[in-house]
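Report on the following structure.
The values are calculated or read from the model by the stated rules, or taken from the named source; none is laboratory data. Everything numeric in this text was worked out from a predicted model, so none of it was measured. When we count neighbours, we look across all protein chains shown, and the Cβ atoms used for this are built from the backbone with ideal geometry, even at glycine. Accessible surface is based on the protein model in full, side chains and every heavy atom, while ligands, DNA and RNA are left aside. Shrake-Rupley method; radii C 1.70, N 1.55, O 1.52, S 1.80 Å.
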Amino acid sequence: MRIDQPDIRRHRTRLARACVLGSAAIALALTATGCGPDENSSATPSPSAPVVVTSTVTESETAPGTTGPTEVDSAAPVNPGTPVNTVTASATPKAPSGADAFTGAWVGHTRDMNLNADGTGDMSVSIGAADGEKWTLTWSADSSGATMTLGEQISKHGEGLGDNSMHAGAVYHGVLVKDSQAVTYMQMAGFTAAGHSLPWCNQDQYGYSRECGA
């Protein structure tokens, strides 16, 4: 079969157009699917480049205080051996003991007493507003309570107590007790020859008890 030269040229032209159209279609398809070449990437990708995959998992239980599941980044490093710092507060504060349990300012109706940390102090007791006395004292504490010993008279107003219940060398012994409301106060025995006792309250350390008067 004899083919003329013009027919050969037309056939080659059609083949060239078909190749061009086919290449364009392939390029368009690759571009649409994200497979086409990136003008900023290398012409020859490295087959050994590492692939990093970061996944996100969801805990099966809802975290306290939240209303839905909590997302956790599985790429974050987890060290199960890391200790958790916790602070545990004592449910019952340690009560003062020894001299610390008695140190401070003590008060009651028409009376006040200061027991200093160095073992010195003073005591003032009045009968109403007109009569009363104030004395220095020394004191110490042990497992049985606190012992106060009067030293010198600091002041006296009116007739004083009038019964010599406060005098140099007078010794009183105090113990800590609790009232019906569980408030701690000190009951001082030996204040008078008749064995009367006086209640004293340390408001700073224990609060105020009704036993100590108005």
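Compared with the direct C-alpha span, the chain from S155 to D131 gains 7.5 nm at full extension, assuming 0.36 nm per residue. A Förster radius of 22 Å combined with the Cβ-Cβ distance from D142 to K178 puts the calculated FRET efficiency at roughly 0.65. Solvent-accessible surface (1.4 Å probe) assigned to V177 amounts to roughly 50 Å².
Sorting the Cα pairs of the range 108-214 by distance into bins of 5 Å, from 0 upward, gives 2, 12, 22, 27, 20, 12, 4, 1 percent per bin.
With all protein chains present and a 1.4 Å probe, how do S155, S126, S180 order by accessible area, largest first?
Correct descending sequence by accessible area is S180, S155, S126.
Neighbours of A99, meaning other residues whose beta-carbon lies under 12 angstrom from its beta-carbon, give a summed charge of -3 when Lys and Arg score +1 and Asp and Glu score -1.
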